[in-house]
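Enquirer: Dumping the structure here so I can ask a few things about it.
The values are calculated or read from the model by the stated rules, or taken from the named source; none is laboratory data. Since the structure is predicted, the reported quantities are computational estimates derived from the model, not experimental observations. All Cβ positions, even for glycine, are placed from backbone atoms using ideal geometry, and neighbour counts span all protein chains on display. Calculation scope for accessible area: heavy atoms of the full protein, side chains included, ligands and nucleic acids excluded. Shrake-Rupley method; radii C 1.70, N 1.55, O 1.52, S 1.80 Å.
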Amino acid sequence: MSNRLSRIEGQVRGIKRMIEEGVYCDDVLNQIASAQSALSGVARLLLEKHIRICIKDQLIAGDEEVVAELTKTIARLINKS
């Protein structure tokens, strides 16, 4: 996941440079869409890890409130799509 985030960080720096250099807006927008897609991929991986480890452990411990928390988290991710 760290490698993916490093690549995204590089993409964002590239986008900043493109804007500073006055690159054609459509090209910049395409790069922004690519970075957003990459961030969504990281979010999916992190959500999967969260469910497999954190949520599972909390449910085993008897914490039913974690389901409401997870539902809100998923709703936020869906609404950003």
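Enquirer: What pairs come out if I take residues in segment 1-27 that are open to solvent by less than 60 Å² (accessible area, probe 1.4 Å) and pair them with residues that are of a type in the set (Val, Ile, Thr) whose C-beta lies under 9 Å away, six or more apart or interchain?
Expert: What qualifies is ILE8/VAL42; GLN11/ILE32; ILE15/VAL28; ILE15/ILE32; MET18/VAL28.
Enquirer: Going through segment 8-31 one residue at a time, which ones are part of a helix (DSSP H, G or I) and hydrophobic (A, V, I, L, M, F, W, C)?
Expert: To start, the set of residues in segment 8-31 that are part of a helix (DSSP H, G or I) comprises 8-20, 25-31.
Answer for segment 8-31, where residues must be part of a helix (DSSP H, G or I) and hydrophobic (A, V, I, L, M, F, W, C): ILE8, VAL12, ILE15, MET18, ILE19, CYS25, VAL28, LEU29.
Enquirer: Looking at THR71 and the list (1) surrounded by 14 or more Cβ atoms within 10 Å (Cβ to Cβ); (2) of a type in the set (Ser, Thr, Tyr); (3) over 14 Å from the mean Cα position of the chain (by Cα), which single condition is not satisfied?
Expert: The failed condition is (1).
Enquirer: Quick test for you: out of SER34, SER40, pick the one residue that is assigned to a helix (DSSP H, G or I) and touching a residue at least 40 places away in the same chain (Cβ under 8 Å).
Expert: Just a single option satisfies the conditions, and that option is SER40.
Enquirer: Give segment 60-81 a look and list any residue that's part of a loop (DSSP other than H, G, I, E, B) and under 16 Å from LEU47 (Cβ atoms), or say none.
Expert: Pass one, segment 60-81, residues part of a loop (DSSP other than H, G, I, E, B): 61-65, 80-81.
If the condition is that a residue be part of a loop (DSSP other than H, G, I, E, B) and under 16 Å from LEU47 (Cβ atoms), then LYS80, SER81 are the ones that fit.
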